[in-house]
Amino acid sequence: MTTDKKIVFQARGLVKRYGHVTAIDHTDFDLYAGEVLAIIGDNGAGKSSLIKALSGALVPDEGEITLDGKPIHFKSPMDARALGIETVYQNLAVSPSLDIADNMFLGRERRVPGILGSVFRMLDKKGMHDEAKAKLAELGLLTIQNINQAVETLSGGQRQGVAVARAAAFARHVVIMDEPTAALGVKESRRVLNLINDVRAKGLPVILISHNMPHVFEVADRIHIHRLGKRIAIVKPDTHTMSEAVAIMTGALNPEDHPAGAYAA
Amino acid sequence: MTTPQNAKVQTADHEKVANAAGGDFATFQGAQVSLADRLHQFFHQYPVAAPTIVLLAAIALFSSIIGGRFLDPFNLSLILQQVTIIGVLGIAQTLIILTAGIDLSVGAVMVLTSVIMGRMAVEVGLPSGLALCIGLIAGGVTGWINGLLVTRFRLPPFIVTLGTWNIFFALNLWYSQSETIRSQEIEAAAPLLHWTGTAIDIFGARLTYGSLLMLGLFVVIWYALKWTAWGKHVYATGDDPDSAKLAGIRTERVLMSVYVVAGVLCAIAAWVLIGRIGSVSPQAGMMANLDSITAVVIGGTSLFGGRGSIFGTLMGALVVGVFRNGLALAGVDVLWQEFTVGALIIVAVGVDQWIRKV
C-alpha cells in the first residue's frame with residue numbers, strides 16, 4: 001500500500017509535561033508521503049497534545065521533530081503554517097462574523113500590488129474572493145451563492161467544508177485534521193471523508209484524529225495507536241480489525257502479543 | 001496513491017439510505033422566506049443600518065414637531081459640533097469594544113492629555129505643535145498601559161480601565177494642580193490648540209475643523225477596519241480569540257495595537273475638547289466615558305465583540321445628539337432627555353440581541 005516509503009514528517013522522543021501530568025511521554029511519530037495516517041486513542045491518552053505539538057500550538061519540553069529530514073522548532077501555529085503544515089482544528093478555528101473568503105485567508109491576507117498595498121495596506125479583496133471560490137470549487141464545495149456570507153450563517157458541515165478547504169488550499173506538506181466528523185451528520189461526514197481522499201489524491205499526506213472507528217478504518221492507510229502519552233502500536237486496516245485496534249487502544253490487548261505484529265513502522 | 005482496499009468496512013447501510021435521499025452537502029444558500037427573516041438577515045449583514053434608520057426617524061420626528069427651527073442648517077451643524085468630542089472618543093471605544101473589551105478610562109485620558117497639552121504650551125512654553133505631539137504620545141502611553149495590563153497580566157478590560165480611569169484622573173488633578181488654564185492664555189501661547197474650534201460657514205451651517213477632523217478619523221478607521229488585514233484581525237480577535245490564535249493571528253499584538261490607537265484617539269479628542277470649550281479644565285468631560293459607550297451601543301456594535309461597524313458609532317452619537325437637541329428645542333425638561341437616552345440604550349441592546357441570533 002504505502003509503496004512510497006519516504007518519511008515526510010517525524011517526531012522522536014517528544015515529551016510535554018504540565019506540572020505533575022505528563023501529557024506526552026517520549027512518543028514517536030512517523031508520517032509517510034501521500035498517506036492518510038489515523039491517530040486513535042482513549043480520551044486523555046494525549047492525542048490532542050501530540051497534535052498540538054505537531055501543529056505548533058504547543059512547544060514540547062523534549063524531543064525532536066523533523067520535516068523532510070530537517071529538524072524544525074515551532075513556536076506558534078504560524079511557524080507550522082509557514083512550513084506548509086495546515087491544521088483543521090476540532091473547533092474549526094473560524095471567525096463566525098467574518099465571511100468565507102476572509103476566513104480562508106485569515107492570518108495570510110493578500111494586499112493589492114503597488115503603493116495602495118505597500119503604504120495603505122489595502123487588501124486584495126477581489127483576488128482573495130476569486131481564489132477562495134476556486135479552491136472551494138476544486139473540492140466540490142461550490143454551490144455557494146454568496147461567498148460574502150458570514151460563516152456563522154453556515155451549517156456545521158458547511159463550516160467544516162470551509163475549514164478543510166482552507167487547509168487543503170494552503171498546505172504544501174501536511175494536512176492535520178482533528179475530529180473532522182465529530183460534529184457532523186451522516187451525509188456531511190461522508191462528504192468530509194471524500195474530502196480526505198481528495199486531499200490525498202492531490203499528493204498531500206493527511207493526519208486524521210478520530211474516535212469514529214468505521215471512518216478511521218475506511219480512509220486510513222495506517223493507524224497510529226496512542227496510549228498513556230505515547231505510541232504503543234501501528235496497525236493497518238487490512239491486518240487488524242476494529243475490535244483489535246480498540247483493544248490495543250484501551251489496554252485490553254498487548255500489541256506485542258498479537259500475531260500480525262505491531263510496530264509495522 | 002490508491003484508496004485503501006480494506007474489505008472490512010463498506011459504506012455503511014445507513015449512509016446509502018441517506019445518500020438515496022438526495023440533496024446536496026454544503027449548499028451555501030439561505031432559504032429565507034419570511035419578511036422578518038429577510039429583515040433579520042439584512043440587519044445582520046449591515047450593522048450600520050439599524051442606527052441609521054433610527055437617526056432618520058428621529059430627524060423626521062423632530063422636524064415634524066418643531067419644523068424649520070430644527071432643520072435650520074445652523075442647528076444641524078450645532079448638533080454635529082455637540083457630538084464631535086463623543087464621536088472621537090466613540091471611535092476609540094468602538095475599537096476596544098470590537099475586541100470584546102470596554103474602556104472606562106477614555107474620558108480620564110482625554111482630560112489628562114488636554115491638561116498635558118495645555119501646560120506644555122502655556123506653562124512650559126513649548127511650541128504648540130510640540131505640545132500637541134507630546135499630548136498625543138501621552139495618549140498612546142496611557143493606551144499602552146491599559147493594553148499591557150489586559151494582554152500581559154490577563155486582567156479583564158473592565159477592571160483594568162476602571163482602575164486606570166481613577167489613576168489617570170488623579171494624575172490629571174495632580175499635574176493640573178486642579179487649576180484651569182484660561183482660554184486667553186491658550187489663545188496667546190498656543191493658537192494651534194484652538195484650531196479644532198475654528199469654524200467655517202457654509203450655507204448657514206457652522207462647521208468646525210474639529211467636526212471635520214472627527215469625520216476624517218471615522219473614514220480612516222473605517223478604511224483600516226474594512227480594507228486592511230489589521231481590521232480583519234481586530235474583528236477575529238473580538239469574535240473568538242482562541243480561534244483567531246489558531247488561525248495564526250497574534251491576538252495579543254492586535255489587542256495592544258488597539259489600546260494604543262484608542263489612547264491616541266483620546267488625545268485627539270482632547271485637542272477637540274480644548275477647541276470646543278476654549279480653556280483647559282481638569283474637571284471637563286466627566287460624563288464622556290459613559291457617553292462614548294452609549295454612542296457605540298446605540299450604534300449597533302455588540303458588547304460581546306467581533307460585531308459592529310464604525311459608522312454605526314457616528315450614527316449612534318448623532319442619534320443621541322438629535323434627541324437631546326430636538327427635545328431641548330421642543331422645550332422638554334432636560335431630565336426627559338436623559339430618560340430618552342436611557343431608553344434608547346436598552347432598545348439598542350435588545351435589537352442587538354435579536355440581530356446577533358443566527
Quick check on my filter: what residues within segment B:275-294 are within 10 Å of the chain's Cα centre (by Cα) and either among the aliphatic types (A, V, I, L, M) or part of a loop (DSSP other than H, G, I, E, B) (or both)? B:293
Looking at residue B:261, is it over 14 Å from residue B:88 (Cα atoms) and part of a helix (DSSP H, G or I)? no
Give the residues of segment B:166-216 that are over 29 Å from residue B:125 (Cβ atoms) and either out of contact with any helix residue (DSSP H, G or I) (no Cβ under 6 Å at 6 or more places or on another chain) or surrounded by fewer than 20 Cβ atoms within 10 Å (Cβ to Cβ) (or both), sorted by residue number. B:166, B:200, B:201, B:202, B:203, B:204, B:205, B:206, B:207, B:212, B:215, B:216
Which ones in segment B:221-233 are closer than 18 Å to residue B:86 by Cβ and either surrounded by fewer than 19 Cβ atoms within 10 Å (Cβ to Cβ) or in contact with a Phe, Trp or Tyr (Cβ under 9 Å, 6 or more places away or on another chain) (or both)? B:222
Out of A:34, A:84, A:41, sole residue that is surrounded by fewer than 18 Cβ atoms within 10 Å (Cβ to Cβ) and either within 14 Å of chain B (Cβ to nearest Cβ) or within 24 Å of residue A:249 (Cα to Cα) (or both): A:84
Among the residues that make up segment B:244-255, is at least one of them farther than 30 Å from residue A:85 by Cβ and surrounded by 24 or more Cβ atoms within 10 Å (Cβ to Cβ)? no
Among the numbered criteria (1) over 22 Å from residue A:155 (Cα atoms); (2) facing chain B (nearest Cβ under 10 Å), which one does residue A:126 miss? (2)
Going by the structure shown, is residue B:205 touching a Pro at 6+ places or on another chain (Cβ under 7 Å) and aliphatic (A, V, I, L, M)? yes
Take the residues in segment B:295-344 that are surrounded by fewer than 24 Cβ atoms within 10 Å (Cβ to Cβ) and within 10 Å of the chain's Cα centre (by Cα), then tell me which one is farthest from residue B:54 (Cα to Cα). B:309
If we keep only residues of segment A:166-181 that are more than 10 Å from every other protein chain (Cβ to nearest Cβ) and over 12 Å from residue A:208 (Cα atoms), then the residue surrounded by the fewest Cβ atoms within 10 Å (Cβ to Cβ) is A:172
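Each row is one residue, and each column tells you yes or no for (1) surrounded by fewer than 14 Cβ atoms within 10 Å (Cβ to Cβ); (2) small (Gly, Ala, Ser); (3) away from chain A (no Cβ under 14 Å); (4) under 25 Å from residue B:297 (Cβ atoms).
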{"residue": "B:40", "(1), (2), (3), (4)": "no, no, no, yes"}
{"residue": "B:74", "(1), (2), (3), (4)": "yes, no, yes, no"}
{"residue": "B:83", "(1), (2), (3), (4)": "no, no, yes, yes"}
{"residue": "B:87", "(1), (2), (3), (4)": "no, yes, yes, yes"}
Residue B:50 is checked against (1) at pLDDT 90 or above; (2) among the small types (Gly, Ala, Ser); (3) surrounded by 18 or more Cβ atoms within 10 Å (Cβ to Cβ) and fails just one. What number does that condition carry? (1)
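The values are calculated or read from the model by the stated rules, or taken from the named source; none is laboratory data. Worth saying up front: this structure is predicted, and the values here are computed from it rather than measured. FYI the Cβ positions are ideal-geometry reconstructions off the backbone, even for glycines, and counts take in every protein chain you see.
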